[in-house]
Amino acid sequence: QVQLVESGGGLVQAGGSLRLSCVASGRTFSSYAMGWFRQAPGKEREFVAAIDWSTGTTRYADSVKGRFTVSRDNAKTTVYLQMNSLKPEDMGIYYCAARLWGMTTEAVDYKYWGQGTQVTVSS
């Protein structure tokens, strides 16, 4: 059974930084792609970033390019999302997700999801 557990959310001022973590367990994840998505109140869940666990290839939403960095630690089976220069529009619940074989930007393509962690950015 795949389990994804996010942590690291919190309250930060605009311009600040947070690092989210997603600990993955229950599988060998070398063939998986890991995605980060976020959902603000009243809005649909949107793609933020993704990483191919095997190759380390990454992909970002245009809105976060240059500010966010996704990475993984194979030994810890943990995926990170480093978020810098945070803006109020970055607020929402951030979810870690996993799918087999290849990154996509569509939430419906990801089979496994964590419970989410709240990110609040004050202006």
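Quick notes on this structure:
- Note that the chain presents 51 Å² accessible area per residue, ligands and nucleic acids not counted, probe 1.4 Å.
- Under the combined filter of DSSP loop state and at most 15 neighbouring Cβ atoms within 10 Å, the range 49-123 retains these trypsin sites (Lys or Arg not before Pro): 65, 67, 76, 111.
- Nearest-0.05 FRET efficiency for residue 122 and residue 57, computed from C-beta distance (R0 41 Å): 0.75
- Distant-in-sequence amide contacts of residue 91, defined by a placed amide H-H separation under 5 Å and a gap of 5 or more residues or a different chain, comprise 121.
- Once the chain from residue 17 to residue 46 is taken as fully extended at 0.36 nm per residue, the excess over their C-alpha distance is 8.4 nm.
- Phi-based couplings in Hz for the range 105-119 (Karplus 6.51, -1.76, 1.60; Gly and Pro marked x): 9, 9, 4, 5, 7, 9, 8, 10, 9, x, 7, x, 9, 7, 10
- Rounded to the nearest 10 Å², the accessible area of residue 11 at probe 1.4 Å: 130 Å²
- To put it simply, the accessible area of the range 18-81 at a 1.4 Å probe is 43 percent carbon and sulfur.
- Checking every one of the chymotrypsin sites (Phe, Trp or Tyr not before Pro) in the range 49-109 against DSSP loop status and a limit of 15 other Cβ atoms within 10 Å picks out 101.
- Distance between the pseudo-spin-label points of residue 106 and residue 69 (7 Å out from Cα toward the beta carbon): 3.2 nm.
- Within the range 1-114, the percentage of alpha carbon pairs spaced more than 26 angstrom apart rounds to 12%.
- Local electrostatic count at residue 52 - Lys and Arg +1, Asp and Glu -1, tallied over other residues with Cβ under 11 Å: +3
The values are calculated or read from the model by the stated rules, or taken from the named source; none is laboratory data. Everything quoted here is computed from the prediction, not taken from an experiment. Ideal geometry is used to build each Cβ from the backbone, glycine not excepted, and the neighbour counts take in all protein chains shown. Heavy atoms of the whole protein, side chains included, go into the accessibility calculation; ligands, DNA and RNA do not. Shrake-Rupley method; radii C 1.70, N 1.55, O 1.52, S 1.80 Å.
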